[in-house]
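Participant: Just passing along the structure, written as structure tokens.
The values are calculated or read from the model by the stated rules, or taken from the named source; none is laboratory data. Just so it is clear, the model here is predicted, and its values are computed rather than measured. Please note: Cβ atoms are built from the backbone with ideal geometry, for glycine as well, and neighbour counts cover all protein chains shown.
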Amino acid sequence: MLSNSQSSYRRPAAAELRRRLAEPRRFIQVVAGPRQVGKTTLVQQLVGEISAGFRYASADEPTLRGAEWIAQQWEAARFEAEEAGEVGAVLALDEIQKIPGWSETVKRLWDEDTRGGRPLRVVLLGSAPLLIQRGMTESLAGRFELLRLPHWSFSEMRDAFGFDLDQYLYFGGYPGAAPLVAEPRRWRSYVTDSLIETSISRDVLLLTRVDKPALLRRLFELACRYSGQILSYTKMLGQLQDAGNTTTLAHYLELLAGAGMVCGLQKFAGDAARSRGSSPKLQVLNTALMSAMARLSPAEVRSDPEYRGRLVESAVGAHLANAAACGECELFYWRERGAEVDFVVRAGRRVTGIEVKSTVTGTARPGASAFAEAFQPQRMLLVGGDGIALDDFLARSVASWIQA
């Protein structure tokens, strides 16, 4: 759980949610994002500013909740709203995606309150964005607004915890784990047990049919080990020593992306069908996952230029991928006949190519000129080395780089 002072570093999200909750009752507000990004604290901090009544309840309990639990919490919140008068009340239901048929129940109760004119605003929170979005689109069309919270950025971890660049590269953007950075082994155990295992077991395996859970876990480990590298599904199956099929593997990678853990970037081809058929570039969404799974100490990482280079590229990729997960842009890679561009960002019609260089003396690859000739991007950026300083790039929003 984050403190109120720590949650204040999520300023853009806080300002947007504050504005929405201060408006007359219009939509159900849905706050979705990976575990440990401050969703609950953010809501609790803001509600007191705009409402006299507030009820918070979580479905993230060992005992599986049912639709009747939603109705019970809703009825209690209605009493809060009646007692508060015109200012109304806010009902916040956390981990809502864990309840079977949750969206149909929410739709029925919301529509009852709309017809009755009750001043009850509703916020739904979930740590599996992909799963909660499926429920919304099935039953709540026209009734909700979605606010996505990504992993914490370098600037947020720097301002809240004093992280420098090397600390952020290794320890990543998990604020709850930040007090443990002086004890790397303890930090690694916390990330592995409380974040990785909980996300896989509760946000993926408990809520989705997975015929080969061991394969999904090994796929996650593989994605952490090869983050920043392009790997065909056939090669992945060979590495995983499994007789499964590539369709299953692609589906499992999608589930892990939906839990905010790792994703597979597609090749930029200017054509959606060709992009979907490409080999994915594996990418962690938080470099803490790489460090926890690699079991290397911070000192060992600093003394290993090759691994640190992979960590640098993965940090840039995570910064971009989190922006893409929030709907700010689309993210790809590009490779053709030996020429490669690390990342390609598309926002509307604007295309930006981004190359990452971990050292000043490293040899530049011939990808930038070939990509520019093929696609005429609006911008080509070099991050690191003798280009944009890595800490400057990570400290600013992705939108500021691709729209400037």
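Participant: Given the conditions (1) without any contact (Cβ under 8 Å) to a residue 12 or more places away in the chain; (2) in contact with a helix residue (DSSP H, G or I) (Cβ under 7 Å, 6 or more places away or on another chain), which single one is not true for R209?
Facilitator: Failed condition: (2).
Participant: Right, another one. Of the residues that sit in region 199-218 and are among the polar types (S, T, N, Q) and surrounded by 15 or more Cβ atoms within 10 Å (Cβ to Cβ), which one is nearest to the chain's Cα centre (by Cα)?
Facilitator: From region 199-218, those among the polar types (S, T, N, Q) are 199, 201, 208; that's our starting set.
Filter once more, keeping what is surrounded by 15 or more Cβ atoms within 10 Å (Cβ to Cβ): 199, 208.
On the way: S199: 12, T208: 18 Å.
The selected residue is S199.
Participant: Examine region 308-324 for a residue that is among the polar types (S, T, N, Q), buried (at least 24 other Cβ atoms within 10 Å of the Cβ) and in contact (Cβ under 8 Å) with a residue 12 or more places away in the chain, and state whether such a residue exists. If you could, list the steps in order and put the result at the bottom.
Facilitator: First pass over region 308-324, keeping only residues among the polar types (S, T, N, Q): 314, 322.
With the extra rule that they be buried (at least 24 other Cβ atoms within 10 Å of the Cβ), the set shrinks to 314, 322.
When the remaining residues are screened for being in contact (Cβ under 8 Å) with a residue 12 or more places away in the chain, the result is 314, 322.
The answer is yes, given that some residue of region 308-324 is among the polar types (S, T, N, Q), buried (at least 24 other Cβ atoms within 10 Å of the Cβ) and in contact (Cβ under 8 Å) with a residue 12 or more places away in the chain.
Participant: Kindly list the number of the only condition in (1) closer than 19 Å to L311 by Cα; (2) of a type in the set (G, A, S); (3) modelled with pLDDT under 90 that fails for G367.
Facilitator: (1)
Participant: Another question, if that's okay. Would you confirm whether or not region 92-106 contains a residue that is touching a Pro at 6+ places or on another chain (Cβ under 7 Å) and farther than 20 Å from L146 by Cβ?
Facilitator: So the first thing to find is which residues in region 92-106 are touching a Pro at 6+ places or on another chain (Cβ under 7 Å), and the list is none.
Within region 92-106 (the criterion being touching a Pro at 6+ places or on another chain (Cβ under 7 Å) and farther than 20 Å from L146 by Cβ), the answer is no, since none of the residues qualifies.
Participant: Residues being over 13 Å from P280 (Cβ atoms) and either free of Cβ contacts under 8 Å to residues at least 24 places away in the same chain or not hydrophobic (A, V, I, L, M, F, W, C) (or both): count how many of those fall in region 325-336.
Facilitator: Number of matching residues: 4.
Participant: Ok, one more. Looking only at region 299-317, which residues are outside any helix (DSSP H, G or I) and among the charged types (D, E, K, R)? Quick ask: steps written out before the conclusion?
Facilitator: Pass one, region 299-317, residues outside any helix (DSSP H, G or I): 303-304.
Scanning region 299-317 gives a single hit, D304.
Participant: Residues that are of a type in the set (D, E, K, R) and under 29 Å from Y174 (Cβ atoms): list the strands (runs of 3 or more DSSP E) wholly contained in region 26-116 that include at least 1 such residues.
Facilitator: 53-58, 89-94
Participant: Specify which of the listed residues (S51, S3, S7) is closer than 24 Å to P179 by Cβ, surrounded by 19 or more Cβ atoms within 10 Å (Cβ to Cβ) and modelled with pLDDT under 85. Outline the logic, then answer.
Facilitator: On the way: S51 fails: closer than 24 Å to P179 by Cβ; S3 fails: surrounded by 19 or more Cβ atoms within 10 Å (Cβ to Cβ).
Only one candidate qualifies: S7.
Participant: Still on this structure: Show me the helices (runs of 4 or more DSSP H) entirely contained within region 123-230 in which 1 or more residues are small (G, A, S).
Facilitator: Working: elements: 129-139, 154-161, 165-171, 184-190, 197-200, 213-225.
Filter on region 123-230 gives 129-139, 154-161, 184-190, 197-200, 213-225.
Participant: Same structure again: Return a yes/no flag: does region 290-303 have any residue that is farther than 17 Å from Y174 by Cα and touching a strand residue (DSSP E or B) at 6+ places or on another chain (Cβ under 9 Å).
Facilitator: No - not one qualifying residue is present in region 290-303.
Participant: Return only the number of the condition from (1) at pLDDT 85 or above; (2) surrounded by 14 or more Cβ atoms within 10 Å (Cβ to Cβ); (3) of a type outside the set (G, A, S) that Q72 does not satisfy.
Facilitator: So the condition that Q72 fails would be (2).
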